[in-house]
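Below is one structure; the comments refer to it alone.
All of the numbers you see were taken from the coordinates with simple rules; none came from a lab. The shown structure was predicted, so the numbers you read here are calculated from the model rather than taken from an experiment. Note: ideal-geometry Cβ built from the backbone for every residue, glycine included; neighbour counts use all protein chains shown.
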Amino acid sequence: MKQRDDFDIVIVGGGAVGATLALELERLAYRVAVVEMRTPSFESVSPERVIALNYGSRAHLEKLGVWQELGETGRITQIMVSEVGNRGRADLDVSEMTSLSEFGYVVEMGPLLAPIYKALEASSVRLFSPATVLDVDNGDDGVTLRLRLDGEEQQIRAALLVGADGTNSQIRRMAGIETRGWDYNRFGIVASVACARAHGEVAYECFRNAGPLAFLPLADGRFSIVWAVTPAEAAQLLEMDDERFTTALRKAAGPDVISQTGDIVGVSGRGVFPLELTVASSYAAGRIALVGNAAHTVHPVAGQGMNLGLRDVDALVTMLESDLARQDPGQSIILQGYAEKRRADVLAVAGFTESMLHVFGSSVPGVKWLRGRGLDALLSLPRLKEKLLRQASGLGQMGGDGHA
Ligand SMILES: Cc1cc2nc3c(=O)[nH]c(=O)nc-3n(C[C@H](O)[C@H](O)[C@H](O)COP(=O)(O)OP(=O)(O)OC[C@H]3O[C@@H](n4cnc5c(N)ncnc54)[C@H](O)[C@@H]3O)c2cc1C
């Protein structure tokens, strides 16, 4: 076994959330390591790696100099909500919120991760990759991890271990933290599609029985789609050739959407993700804290997962800025403070996401009747439209109505 390395903070998981956290902590002069099981790759060809980010996330990434490196991003200035087989549609227009010029941005994961890793390479953060965590000792005065790297075992030790290792977090399991939630028994099919008309920065959210189908406008003029389907539908859609897939997509989107976007004229390869709601019962245990999907995975219908993860980063960094944290960043008062800061936001976003799925997917007679009178009628429910607008832009979590 190699000699042991010591750090202040070790982050397991170098996805967008873990890597961003590493950068921020290094700037606070902590000695930081990232343990990532894959070799980081930033290929942008993969159509599934597209996410919508809100103002708060943009501000966060701007502060790190990452946003400036992204190049052109898709912008969302209007959201059209429709329900296949039901009359009416509702438009959310950013001009209804005078303080904003767009609801959010659509970025590809590859080009997002590339500048984050470029900054990491130029920093003092140690990257262990591709590395496997063999075990973790969450001790009273420090955490010890046993890793396998380049076929050799190695120990590293830190005052704080952060699990940023995604939905099926190994660190969460090793910390003995349970989760609540459910499997939606749905899969998200993702792809990029070209349509006959310019998208005009409009995003479309179509509600169907099986679940929502979203079209997000990309910088290159195409849309990225996220399509929630049953497992059987997913299996069929993945097998189809482009022509049959396009026909199925056209039908799922419905005439309201296709009359706006123009016909679907091209489709990329497809990706698939299981959809689930998983919320950790606690975001900290001993000297271990959880961030990003390791702490919470929500349905992509409201496009909030990564935005939530970046707010975890904000909250943990704020706790770790204090003089108290500098004495021992893994002490329980710091981690419990972090956990407490995050609980309400995560529950609010998970609750909002669920309510969207239920209101738009509900077959409860009263709700169905209201939807049947048109989505405009539904959105005239007191505060529902305002809430949708605030959540779409991220202002719902920022407590203000201006830029973050
Ligand atoms: C179809 C779909 C659409 C989405 N759309 C949006 C959207 O529009 N807006 C939005 O905000 N969010 C969206 N999300 C959610 C968003 O993608 C996630 O919330 C976000 O990517 C989570 O980032 P993360 O860094 O926490 O986790 P991940 O991206 O999962 O990264 C985890 C990292 O940890 C590594 N890892 C895993 N296990 C280990 C281990 N044991 N040891 C070492 N390393 C490990 C992985 O290799 C990976 O690099 C969407 C999700 C899906 C599925």
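Observations on the structure shown:
- The spacing between segment 266-333 and segment 238-261, judged by their C-alpha centroids, is 34 Å.
- Extension gain for the segment residue 6 to residue 355, taken as residue separation times 0.36 nm less the Cα-Cα distance, is 121.1 nm to one decimal.
- Sum of side-chain charges, residue 6 neighbourhood, beta-carbon under 9 Å (Lys, Arg +1; Asp, Glu -1): +1
- Scalar couplings 3J(HN,Hα) for segment 225-234, obtained by applying the Karplus form with A = 6.51, B = -1.76, C = 1.60 to θ = phi - 60°, are 10, 10, 10, 7, 9, 6, x, 5, 4, 4 Hz; x denotes Gly and Pro.
- Here the 3J(HN,Hα) profile of segment 62-74, calculated from phi with Karplus coefficients 6.51, -1.76 and 1.60 at θ = phi - 60°, is 5, 4, 8, x, 7, 4, 4, 8, 6, x, 6, 10, x Hz, Gly and Pro shown as x.
- Rounded to the nearest 0.05, the FRET efficiency derived from the C-beta distance between residue 93 and residue 62 at R0 = 25 Å is 0.50.
- Local net charge near residue 31, Cβ-Cβ under 9 Å (Lys/Arg +1, Asp/Glu -1): -2
- Amide H to amide H, with H built 1.01 Å from N, residue 322 comes under 5 Å of no residue 5 or more places away or on another chain.
- 5 angstrom amide H check on residue 203, placed H, neighbours 5+ away: 77, 78, 79, 80
- Burial ranking of peptide ranges 105-117, 142-154 (average Cβ count within 10 Å, highest at the top): 105-117, 142-154
- Positive contributions from Lys and Arg (+1) and negative ones from Asp and Glu (-1), summed over other residues with Cβ under 15 Å from the Cβ of residue 21, come out at -1.
- ³J(HN,Hα), Karplus 6.51/-1.76/1.60, whole Hz, each residue of segment 189-201, x for Gly, Pro: 8, 10, 6, 10, 10, 9, 10, 5, 9, 5, 6, x, 6
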